[in-house]
Amino acid sequence: MQVGIIGGGQLALMLCEAAQNLGLKTAVLDPNSNCSSKNICDLFINANYDDIKAIEQLAKVCDVVTYEFENVDTKTIDYINEKYQNVIQTSKPLKLANNRIIEKEAALNSSFEPVKFSVITNRDDLQKFIFENKFPVVIKTTKFGYDGKGQMVISSDQDLDCPIVTQIISSGAVCEKYIDLNYEISIIAIRNKHGQIKLMPPAKNVHKNNILYSSTIEENEQYDEICQKVKNYITYHDLIGIITVEVFVDKNGNIYFNEMAPRPHNSGHYSIEGCNYSQFDMHLRCICDRELPNVKLLAKSKMLNVLGQNYLQSRKWIETNPIENIYFHDYGKEEVIENRKMAHITAVGHQAIEKLNEIEILFGEKNE
Ligand code: ADP
Ligand code: MG
């Protein structure tokens, strides 16, 4: 069986690694001829995402096709699905994820409350939202935002004068109340076409500069209410495949839907070593219609993202300090760029997590 992946970055790389262990062949399509998964996939198609012929070639040779990012054109997916019927997930999860307004409304429809928000088309809308909700608020572009790009926290009247505010509003925006967070967690759910759902152990996430910094997964932490909301949401919308839901919990214990990603998620990378089955295994099993096993956390785990500014230092550290139960995943990216996700490190078990603190000190970060 061959699995086609639209997008060839680190998520595709880890999907290909998991596919090998499951005895599946892979084919990857990416415009970057040196993308992370190029050398591991069985077939590489170097083409742009709007090259319909190339996408069709991928769909033709593969038994099943998936995507590793949420901005894939839904029309392309609908087109190949009509012809080949092999995008089991369909384009529906993309439609709910690639526009913040639709995303929040979909959550609300399934009774999963998003953070209080309003659609902003001009400055008056923004002023009105601030008047009603008080500072701080955050404005976000409705489309193409990731790693905090396309968003800005507004805490005072002076902030309103920043040129980026006008830029964000003009590209179509939502404004949200800025929540005083107690914590953020992400729930990764896998739902197959028979309606069976399995959840990965929830990850507590720390963001720095709006980029995921670390995810920690504790034994015996259940988050039952949040998990139930996620299950209701994906069932209500009949979503298939892997779905990650990012959740905010405020200081009063209120639970809010933040956003959804219909793909393996950075906060689930720990599962490669931290669980009996990884998020990548589970997604592949799901779309290939294999049995979905229960996922168990093997021990408390912690994942640290390695951004461009920390990459060379941390790679050297790992090379000179090989430690049991610490795993370095290098995405093999050509160019080291500040704030670019270059690699991640997972520590499994309390001792390894303590050692990981040494890397955090190296990053110049305080211990959590
Ligand atoms: P992205 O698509 O870039 O991941 P998010 O909406 O998830 O965008 O925002 C990135 C991070 O910024 C969140 O994980 C959270 O830490 C912070 N953040 C975003 N919106 C809010 C909010 N309304 N209240 C508090 N923190 C927020
Ligand atoms: Mg996010």
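Any read-out appearing in this document is the output of simple, stated calculations on the displayed coordinates, not a laboratory observation. Please read these numbers as outputs of a predicted model, since none were measured by experiment. Cβ atoms come from the backbone with ideal geometry, glycine included; neighbour counts cover every protein chain shown.
Quick rundown of the values:
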quantity	calculated
Environment charge at F44 (Cβ cut-off 11 Å; Lys +1, Arg +1, Asp -1, Glu -1)	-1
GNM flexibility winner over the chain from P163, P202, P322 (Cα, springs under 10 Å)	P163
Top positive-direction residue, dipole computed over the stretch 58-138 with Cβ charges, set L108, L96, I80	L108
Efficiency of FRET between D161 and N209 - r from beta-carbon atoms, R0 22 angstrom, step 0.05	0.50
Prolate/oblate/rounded call for the stretch 118-158, Cα gyration tensor, a/c under 1.5 rounded	oblate
Shape parameters for the stretch 47-160, alpha-carbon atoms, Rg then Dmax in Å	18.6, 56
Three-way shape label, the stretch 279-368, alpha-carbon gyration tensor, a/c 1.5	oblate
Base-10 log of normalised Debye intensity for the stretch 302-355 (one unit scatterer per alpha-carbon) at q = 0.28, 0.29 Å⁻¹	-1.11, -1.16
Over the stretch 154-217, relative contact order from alpha-carbon pairs under 8 Å, at least 6 apart, %	20 percent
Residues with amide H under 5 Å from that of A47, placed H, sequence gap 5 or more	D30
Mean separation of Cα contacts under 8 Å (6+ apart) over length of the chain, as relative contact order %	14 percent
Among T90, T121, T142, residue whose mean-square fluctuation peaks in a GNM of the chain (springs only between Cα atoms under 10 Å)	T121
About the Cα centre, charge dipole magnitude for the chain (Lys/Arg +1, Asp/Glu -1 at Cβ), debye	480 debye
Theoretical FRET efficiency, 1/(1+(r/R0)^6), r = Cβ-Cβ of N294 and S33, R0 30 Å, to 0.05	0.15
Among I272, I168, I337, residue whose mean-square fluctuation peaks in a GNM of the chain (springs only between Cα atoms under 10 Å)	I337
P(r) tail fraction, the stretch 53-99 - alpha-carbon pairs more than 14 Å apart, %	41 percent
√(5λ) per eigenvalue of the Cα gyration tensor, the stretch 159-211, largest first, Å	34, 17, 9
Shape call, the chain: gyration tensor on alpha carbons, a/c limit 1.5	rounded
Under-5 Å amide H pairs with T66, H placed in peptide plane, nonlocal only	G4, I5, I6
Other-chain or far-sequence residues with amide H under 5 Å of R340's (modelled H)	G308, Q309
Relative contact order %, the stretch 190-344, counting alpha carbon pairs below 8 Å whose residues are six or more apart	23 percent
J(HN,Hα) series, the stretch 334-342, from Karplus relation 6.51 cos²θ - 1.76 cosθ + 1.60, nearest Hz, glycine and proline x	5, 9, 8, 10, 3, 6, 7, 6, 9
